[in-house]
1. Points 7 angstrom from Cα along the Cβ direction at residue B:176 and residue A:140: gap in nanometres?
2. Please report the accessible area of residue A:263 (heavy atoms, 1.4 Å probe, ligands and nucleic acids excluded) in Å², nearest 10.
3. Report residue A:187's accessible area, 1.4 Å probe, all protein chains in place, as a number in Å² to the nearest 10.
4. When the convex hull of the C-alpha atoms of the range A:7-161 is computed, what volume per residue in Å³ does it have?
5. Going by accessible area, probe 1.4 Å, with all protein chains left in place, what is the ranking of A:63, A:38, largest first?
6. Who wins for biggest fluctuation among B:71, B:174, B:17 in a Gaussian network model of chain B, springs between alpha carbons below 10 Å?
7. Can you list the distances in nanometres, one decimal and ascending, from the residue A:177 label point to the identical position in each other copy, with the point 7 Å along Cα to Cβ?
8. Using a 1.4 Å probe on the protein heavy atoms only, what accessible surface does residue B:30 show? Give it in Å² to the nearest 10.
2 protein chains.
Amino acid sequence: MSHKPLIAIDAMGGDEGVSVMIAGAALARHRHDKFRFLLVGDQEKIEAALCDHPNLRDASEILHTSEIVSGDDKPSQALRKSRGSSMGLAIDAVKRGQASAAVSAGNTGALMAMSKLALRTMPGIDRPALAALLPTLIDSDVVMLDLGANTECDARNLTQFAIMGAAYSKIIYGFNEPRVKLLNIGTEDQKGTGTLRDASDLLRSSTGLPMDFQGFIEADKINRGECDVVVCDGFSGNIALKAIEGSARFVTDLLKRSFTSSLRSKFGFLISRPATELLRHHLDPNNHNGAVFLGLNGVVVKSHGSANEKGVANAVEVAARLVEKDIIGRISSSIDHINAENVNKESDGK
Amino acid sequence: MSHKPLIAIDAMGGDEGVSVMIAGAALARHRHDKFRFLLVGDQEKIEAALCDHPNLRDASEILHTSEIVSGDDKPSQALRKSRGSSMGLAIDAVKRGQASAAVSAGNTGALMAMSKLALRTMPGIDRPALAALLPTLIDSDVVMLDLGANTECDARNLTQFAIMGAAYSKIIYGFNEPRVKLLNIGTEDQKGTGTLRDASDLLRSSTGLPMDFQGFIEADKINRGECDVVVCDGFSGNIALKAIEGSARFVTDLLKRSFTSSLRSKFGFLISRPATELLRHHLDPNNHNGAVFLGLNGVVVKSHGSANEKGVANAVEVAARLVEKDIIGRISSSIDHINAENVNKESDGK
């Protein structure tokens with residue numbers, strides 16, 4: 001892998017459009033001299049945005065297209081126009097080896113569908129998964145996956161998600177044996193669905209995987225910092241993620257309402273502003289930006305649709321990091337390991 | 001139904017023990033002259049607790065037992081000692097018609113298992129569900145069910161939960177046509193599992209039910225006040241509920257940490273205390289206490305294990321209200337209606 005990661009940026013995705021994507025790439029470039037970029041989208045708009053960022057212009061090529069995937073496009077519609085859109089061309093650059101990774105803030109379903117079609121699932125992985133970082137009470141974020149790519153999953157899928165999540169956590173935080181748990185409605189062995197119990201048995205009986213599998217976790221503990229990777233099917237994961245986001249917004253909305261309820265509390269709020277800024281910083285999704293599609297033959301990072309330039313820069317850094325630290329190779333070696341182990345078990349059983 | 005509801009109280013359940021259960025019952029009695037109580041548990045302890053509440057003593061009988069269901073008992077263990085325990089005897093009083101409803105703050109799994117065994121599922125309902133009230137941005141709470149009684153559910157179960165949830169919402173808030181939604185990972189028709197799509201079709205095609213069915217809701221909208229009843233299977237519901245609780249605690253923990261991070265913010269916090277008290281009041285689970293097992297031949301209310309006397313009083317009031325407003329009759333008439341409609345549809349189809 002080159003020591004100069006070249007990141008393909010879908011410059012047209014996201015609620016904020018070209019200017020934020022370009023500003024974010026420029027910020028990442030500012031932090032990392034060696035980054036190179038392929039900026040995909042409307043050439044005129046990209047060049048206009050680059051006027052403010054000569055530093056980025058010197059490190060970038062532009063790939064023009066006027067076609068874009070809209071936020072409302074269903075995955076099937078998006079697939080039909082995949083070839084020519086900024087999202088499709090960014091992914092295609094990864095497929096052709098021109099770019100090492102793609103970053104898009106566009107429509108998640110379309111990005112997933114296009115990435116799967118173009119890059120294909122990596123050997124040994126049955127299904128790719130969408131993983132994100134969530135804030136916790138401790139210094140490191142928790143990796144959670146799958147967050148919606150697979151509505152229904154079997155035990156083998158969940159085991160593979162555990163392997164992919166552990167590799168992600170290792171790369172981001174350097175944990176040699178990330179603490180991995182399965183999301184369930186109780187922590188006792190007999191709780192939940194048969195699929196979850198089977199996945200737990202599979203992970204418990206696999207030795208030598210680069211993770212510390214610790215059984216089940218309930219949804220109220222996800223943010224406590226008690227584990228590094230939370231594994232779930234895409235339905236439960238999406239429910240949990242959105243419930244967490246919605247509840248955090250609910251509490252901060254109530255807080256705002258409380259603080260503006262009287263002159264006295266408005267005054268108190270002003271005085272304690274640094275404290276509430278600290279809270280805002282900790283909860284700001286831009287500090288945890290960069291959902292990743294794991295299990296594909298290539299690195300694709302989804303930046304949050306409403307991310308600001310700091311958020312986009314974080315997503316770019318996550319993409320570069322995954323390439324440099326060889327996420328695909330790491331996942332591959334764990335999969336080979338668990339498959340070899342299962343073959344040995346089967347032959348022992350004969 | 002008698003105009004003097006007699007509530008059986010499992011005086012031994014809950015983290016705080018007899019004193020809180022008795023104080024809570026006393027508070028409910030203080031608010032409602034007509035309430036009568038059957039206090040089930042250790043006679044000596046109950047009598048000691050009643051010394052502070054002569055008002056409650058005059059309205060109560062005591063049913064002595066020294067046996068209790070512990071928080072650690074699995075439902076199967078609890079069932080074995082169901083007959084003699086304070087929880088079991090409270091439910092049994094409902095079964096025999098001695099009490100109109102039972103309230104317990106004990107082990108939820110055990111309470112569900114015992115209630116199901118003793119009271120049986122009501123005619124036309126395949127499975128009972130656990131429903132709770134969650135705070136929202138508007139004045140009324142949202143009813144959510146099932147929260148864990150049924151790990152896996154089919155479309156018919158979900159339809160019945162919708163009927164039961166709507167009846168509950170109607171009784172608590174007087175809404176003639178509560179807005180009902182199904183919890184899903186997207187709001188478009190094709191989203192989620194086949195079970196959810198089937199349930200949506202069933203509810204959409206049923207006319208004359210006392211509810212306004214509005215399709216799907218995502219988990220980040222549960223607390224927004226956009227609907228009155230959220231329907232889900234017990235696995236998703238438990239995940240969503242706990243994710244909401246955990247996230248709210250996470251944010252308030254961060255807030256506490258922020259407010260104690262400097263002298264200045266501590267001072268600001270003191271000044272804005274009335275505001276944070278308002279927040280605390282809104283989020284206080286004691287103000288939303290009273291999870292209900294719906295679909296049984298009797299009313300059983302689960303008070304939160306850590307509820308204070310106000311929380312217990314709320315649970316008692318919920319129980320009395322469900323009895324007075326005839327929750328079972330209401331559910332029954334909706335079930336008859338939907339069954340009759342389906343019979344008509346079938347004969348039309350011939």
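The values are calculated or read from the model by the stated rules, or taken from the named source; none is laboratory data. Small disclaimer: the values here were computed from a predicted structure and weren't measured. Neighbour counts are summed over all protein chains in view; Cβ atoms, including those assigned to glycine, are modelled from backbone coordinates with ideal geometry. Side chains included, ligands, DNA and RNA excluded: accessible areas come from the protein's heavy atoms. Shrake-Rupley method; radii C 1.70, N 1.55, O 1.52, S 1.80 Å.
1. Taking the simple label geometry, residue B:176 and residue A:140 are separated by 5.8 nm.
2. 150
3. 80
4. Cα convex hull per residue, to the nearest whole number: 143 Å³.
5. Details: A:63 55, A:38 5 Å².
The ranking, largest first, comes out as A:63, A:38.
6. Of the options given, B:174 has the highest mean-square fluctuation.
7. Spelled out, the distances from residue A:177's label point are 6.0 nm.
8. 130
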